[in-house]
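Visitor: Right, I'll just put the structure down here and ask away after.
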Amino acid sequence: MHLITTACLASSFFKMFSNQKENQFKGFYNIIEIKHSIPGRIRFKIPLLKCNDKYGEILQAQLPKIKSIEKFSWSSISGSLIINYNNSELSSDIILGIIIKLLRLESIIEKEPNSNLGMKLVSFEKNLNRSVYEKSHGAVDFRSLIHISFIVLGVASMFKKNKTTPGPYSLLYWAYNGISKRLQ
């Protein structure tokens, strides 16, 4: 949480002392994004608002308490939030921090993101592991084959003069770490 607050405040102070255009920071992809901003008006895309009135009700209860926010509206259909504010008293970065705090988005932001490609690779590896396990009738799985390959390559590279693989101790270390992690 402190990291997010610091980032918002630092960005805001940096803008006060420089001639940079407002809204260099666009938020956090697929969590809270600044889609459009002009001084005094900002539009966010917040997927949590889609089909979930709980978060809209939080905004409805809390945003009127902030004097510098003149008007706001949210849509549970599009997941957007529009805020009209007094730009001499608030900046878009401060509003971003307020919304993050009100909707308790800190924990979501701090989680390590999973890319679509990364998730597909994990799924592919799981399917490959299952296929090898099924084809060998439970004798071996793909992960075990990887560790066995490291062991075989490590031992074989100890006796080779022309080394084209990583060092034998590295291969054996990788095999040991992989096996010990699976046993935990």
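The values are calculated or read from the model by the stated rules, or taken from the named source; none is laboratory data. On a predicted model such as this, the values are computed, not experimentally measured, just so you know. Positions of Cβ are generated from backbone atoms using ideal geometry, with glycine treated the same way; all protein chains shown enter the neighbour counts.
Visitor: What single numbered condition from (1) modelled with pLDDT of 80 or more; (2) farther than 30 Å from Ile31 by Cα; (3) surrounded by fewer than 12 Cβ atoms within 10 Å (Cβ to Cβ); (4) among the polar types (S, T, N, Q) fails to hold for Ser149?
Guide: (3)
Visitor: Ok, one more. If I filter segment 26-43 down to residues being at negative phi and either part of a helix (DSSP H, G or I) or within 18 Å of the chain's Cα centre (by Cα) (or both), which single residue comes out as surrounded by the most Cβ atoms within 10 Å (Cβ to Cβ)?
Guide: Among those that are at negative phi and either part of a helix (DSSP H, G or I) or within 18 Å of the chain's Cα centre (by Cα) (or both), it is Ile32.
Visitor: Just give me the residues in segment 40-80 being among the charged types (D, E, K, R) and either within 23 Å of Ile108 (Cα to Cα) or in contact with a helix residue (DSSP H, G or I) (Cβ under 9 Å, 6 or more places away or on another chain) (or both), in sequence order.
Guide: Hits for segment 40-80 are Arg43, Lys45, Lys50, Asp53, Lys54, Glu57.
Yes/no matrix, rows are residues, columns are (1) at pLDDT 80 or above; (2) surrounded by 11 or more Cβ atoms within 10 Å (Cβ to Cβ); (3) farther than 21 Å from Lys35 by Cα:
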| position | (1), (2), (3) |
| --- | --- |
| Ser75 | yes, yes, no |
| Leu103 | yes, yes, no |
| Pro113 | yes, yes, no |
| Lys120 | yes, no, yes |
| Glu125 | yes, yes, yes |
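Visitor: Quick check on this structure: which one of Ser80, Ser75, Ser123 is among the polar types (S, T, N, Q) and over 22 Å from Phe28 (Cα atoms)?
Guide: Just a single option satisfies the conditions, and that option is Ser123.
Visitor: Something else: What residue, among those in segment 66-116 that are assigned to a strand (DSSP E or B) and touching a residue at least 40 places away in the same chain (Cβ under 8 Å), is farthest from Ile42 (Cα to Cα)?
Guide: If we take residues in segment 66-116 being assigned to a strand (DSSP E or B) and touching a residue at least 40 places away in the same chain (Cβ under 8 Å), then Ser80 is farthest from Ile42 (Cα to Cα).
Visitor: Considering segment 44-56 alone, what residues qualify as being at pLDDT 90 or above, in a helix (DSSP H, G or I) and more than 10 Å from Leu103 (Cα to Cα)?
Guide: Pro47
Visitor: If I filter segment 127-161 down to residues being more than 26 Å from Leu172 (Cβ to Cβ) and in a helix (DSSP H, G or I), which single residue comes out as nearest to the chain's Cα centre (by Cα)?
Guide: Asn127
Visitor: Counting just the residues of segment 81-101 that are of a type in the set (Gly, Ala, Ser) and touching a helix residue (DSSP H, G or I) at 6+ places or on another chain (Cβ under 7 Å), which one comes out surrounded by the most Cβ atoms within 10 Å (Cβ to Cβ)?
Guide: The selected residue is Ser91.
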